[in-house]
Amino acid sequence: MKLDTVELVIDLKSLSRGINRGVFIIPLDKVEWNIEDLEPSESKGTLELMVDYGDDAVLCSGWFDAQFQTPCARCLEPVSFSISEEIYREYTWSPDPASDEQREVIPQSGKLDIFAAVQEAVLLSIPGKPLCSPDCAGICYN
């Protein structure tokens, strides 16, 4: 399986029919995350992928593990947090408008963009009220 680790795009030509597996090191600082107040706190993350390449659909699942940081909700100092989230996406060659299933359409280019699935995992992992420490007094007291 061939994955562009910066753009997070799978080349379907690199897949065989059936189950394809791979573990990839993602250069976190080179990916354009486009998430406000968030940046990687380490240079690399890990993406484990299983891609089931079938006649009707391509199913991508796996885990994304990484370290990011965001400002403390009280004092604005950086707070690091771990991400260990499942990713899952279904893609289809031709959508069925009558179906309730949410599947993205595979582009004619044969390049499967999984960035949105990984970005969603990051967004779901951001703490609701990140604190640098439980007893942080806030910006007025520093």
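The table below lists the values:
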| quantity | calculated |
| --- | --- |
| Residue in segment 56-65 that is of a type in the set (Val, Ile, Thr), modelled with pLDDT under 90 and either in a helix (DSSP H, G or I) or touching a helix residue (DSSP H, G or I) at 6+ places or on another chain (Cβ under 8 Å) (or both) present | no |
| Any hit, segment 79-86, residues being farther than 30 Å from ILE139 by Cα and surrounded by 13 or more Cβ atoms within 10 Å (Cβ to Cβ) | yes |
| Filter pass, ILE35 being among the aliphatic types (A, V, I, L, M) and more than 19 Å from LEU112 (Cα to Cα) | yes |
| Unmet requirement for LEU76, which otherwise passes all of (1) without any contact (Cβ under 8 Å) to a residue 60 or more places away in the chain; (2) on the phi > 0 side of the Ramachandran plot; (3) outside any strand (DSSP E or B) | (1) |
| Lone qualifier among GLU90, GLU86, GLU120 - being part of a helix (DSSP H, G or I) and within 24 Å of MET1 (Cα to Cα) | GLU120 |
| Given (1) under 19 Å from ILE35 (Cβ atoms); (2) under 12 Å from the mean Cα position of the chain (by Cα), number of the condition SER61 does not satisfy | (1) |
| Residues being in contact with a strand residue (DSSP E or B) (Cβ under 6 Å, 6 or more places away or on another chain) and of a type in the set (Ser, Thr, Tyr) - total across segment 1-29 | 1 |
| Residue match in segment 53-60 (condition: farther than 18 Å from GLU86 by Cβ and touching a residue at least 60 places away in the same chain (Cβ under 8 Å)) | no |
| Meets criteria (modelled with pLDDT of 90 or more, under 30 Å from LEU131 (Cα atoms) and surrounded by fewer than 14 Cβ atoms within 10 Å (Cβ to Cβ)) for LYS13 | no |
| The one condition in (1) over 20 Å from LEU8 (Cβ atoms); (2) in contact with a Phe, Trp or Tyr (Cβ under 9 Å, 6 or more places away or on another chain); (3) modelled with pLDDT under 90 that SER99 fails to fulfil | (2) |
| Pairs with Cβ under 7 Å, 6+ apart, first in segment 112-133 and closer than 16 Å to PHE68 by Cβ, second surrounded by fewer than 17 Cβ atoms within 10 Å (Cβ to Cβ) and among the small types (Gly, Ala, Ser) | LYS129/ALA73; PRO130/ALA73; LEU131/ALA73 |
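The values are calculated or read from the model by the stated rules, or taken from the named source; none is laboratory data. Because the structure is a prediction, the values reported are computed rather than measured. Every residue, glycine among them, receives a Cβ derived from its backbone with ideal geometry; neighbour counts consider all protein chains shown.
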